[in-house]
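Engineer: Dumping the structure here so I can ask a few things about it.
Values in this text are rule-based calculations from the coordinates and carry no lab data. Worth saying up front: this structure is predicted, and the values here are computed from it rather than measured. Because the Cβ atoms are built from the backbone with ideal geometry, glycine has one as well, and the counts that use them run over all protein chains shown.
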Amino acid sequence: MVKAKVAIIGAGLIGLSTAVCISDSIPDCTVTVIADRFTPNTTSDVAAGVLIPHFYPGTSVHQQKQWYRETFDFLSIICNSPNASEAGIHLISGWQIFKTVPDEKVPFWSDVVLGFRSMTERELKKFPQHKFGQVFTTLKCESPLYLIWLEKRLKENGGQVQVRKLEDLWELYGSYDIVVNCSGIGSRKLIGDLEIYPIRGQVLKVHAPWVTHFIRDGDGLTYIFPGIHSVTLGGTREKDNWNLAPDSSNSKNILNRCCALEPSLQAAKDIQVKVGLRPTRCAVKVQKETLVRGNEKLVVVHNYGHGAGGFSVHWGTAKEATQLVKECIAALQQPRCKAKL
């Protein structure tokens, strides 16, 4: 049987994880990742990589929880293996705090993370401006390390990577049987999806090794996420802002807000500024589509629009996209089988 040729568009977190999942799960296909940017120059490289879900209003809570649990379980296995250091996966504990008591004291993902509970009054004394808080342990991916590890795993599975900028998915017609679109914000131009838009995020990467617990304000705007080599301080959320240049006023504001939660950060050194555009939609798009141009057909599976929550659900959506690819391959092979009869 001739192996199906699958092209993955995009080499960020979603593209690489989807490519690995397909190459792990479908032996009768070849996988090629095509992108104009690879790590360390992707949006995923800017992300803190902490598994705390961001809500998608257009996706059911049940589906979001399933994606989150699948991702958490997948990364937990890596975290508990000899590959943890190379893949950059580790556990991280800390506090999520609120200035007013939220309507939902126990979020839908509370039984996926470890040790979830409400903060005690004594713990809340550290944050006098906040009235309520949650304590839990979750997982963190060191973004560049994880992306490098995924690419290595893809190549070990026989997959290939190709540096190439695409202007149109039809450029791949005839060369590949299935195209998997993981182009993120690029889908706005590549397939004309006007529902996806950027939310500009600026963060600081600082050297502050004494900070070992994460702190996240409940509104998601201010956060302190310790990593292996640096602490990520955030952030900004600027809808429809395409500017990738660092903004000094943003940096000052971020540092002030984070120091208000953790005063010791005033001694942080080696401050680096990073900017990324979160590919945001009302709902993550994971579905198959057949593009038609005259008598020509191009089979496409979409997996994009994860916004600020990509790390939290990436393996769950990769598994769903992989199942769609399996269905597409089966449909493509059916006429071939009939022709041999």
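Engineer: Kindly indicate whether any position in region 218-226 is surrounded by fewer than 17 Cβ atoms within 10 Å (Cβ to Cβ) and either over 19 Å from Val50 (Cβ atoms) or more than 18 Å from the chain's Cα centre (by Cα) (or both).
Structural biologist: yes
Engineer: Still on this structure, I have one more. Which condition does Gly310 not pass, out of (1) out of contact with any strand residue (DSSP E or B) (no Cβ under 6 Å at 6 or more places or on another chain); (2) surrounded by fewer than 22 Cβ atoms within 10 Å (Cβ to Cβ); (3) under 17 Å from Ala11 (Cα atoms), if it passes all the others?
Structural biologist: (2)
Engineer: Residues in region 33-74 that are touching a residue at least 12 places away in the same chain (Cβ under 8 Å) and either polar (S, T, N, Q) or under 25 Å from Gln160 (Cβ atoms) (or both): how many?
Structural biologist: 17
Engineer: Could you list, in sequence order, the residues of region 115-158 that are part of a strand (DSSP E or B) and under 14 Å from Trp95 (Cβ atoms)?
Structural biologist: Gly115, Phe116, Arg117, Ser118, Phe132, Gly133, Gln134, Val135, Phe136, Thr137, Thr138
Engineer: Still on this structure, I have one more. Sort through Val325, Val273, Val301 and tell me the only one that's under 26 Å from Asp24 (Cα atoms), part of a strand (DSSP E or B) and not aromatic (Phe, Trp, Tyr).
Structural biologist: Just one listed residue meets the conditions, Val301.
Engineer: Out of (1) touching a strand residue (DSSP E or B) at 6+ places or on another chain (Cβ under 7 Å); (2) within 30 Å of Ala267 (Cβ to Cβ), the odd one out for Leu166 is which?
Structural biologist: Unmet for Leu166, out of (1) touching a strand residue (DSSP E or B) at 6+ places or on another chain (Cβ under 7 Å); (2) within 30 Å of Ala267 (Cβ to Cβ): (2).
Engineer: Tell me, which residue of region 145-167 that is free of Cβ contacts under 8 Å to residues at least 24 places away in the same chain and over 14 Å from Ile8 (Cα atoms) is surrounded by the fewest Cβ atoms within 10 Å (Cβ to Cβ)?
Structural biologist: Glu167
Engineer: A follow-up question, please. How do the helices (runs of 4 or more DSSP H) wholly within region 1-111 filter down when requiring 2 or more residues that are of a type in the set (D, E, K, R): which remain?
Structural biologist: The helices (runs of 4 or more DSSP H) meeting that bar are 61-79.
Engineer: Would you mind stating whether Val284 is in a strand (DSSP E or B), among the β-branched types (Val, Ile, Thr), under 18 Å from the mean Cα position of the chain (by Cα) and buried (at least 20 other Cβ atoms within 10 Å of the Cβ)?
Structural biologist: yes
Engineer: How many of the residues making up region 7-55 are closer than 21 Å to Ala330 by Cα and among the acidic types (Asp, Glu)?
Structural biologist: Adding up the residues that qualify gives 2.
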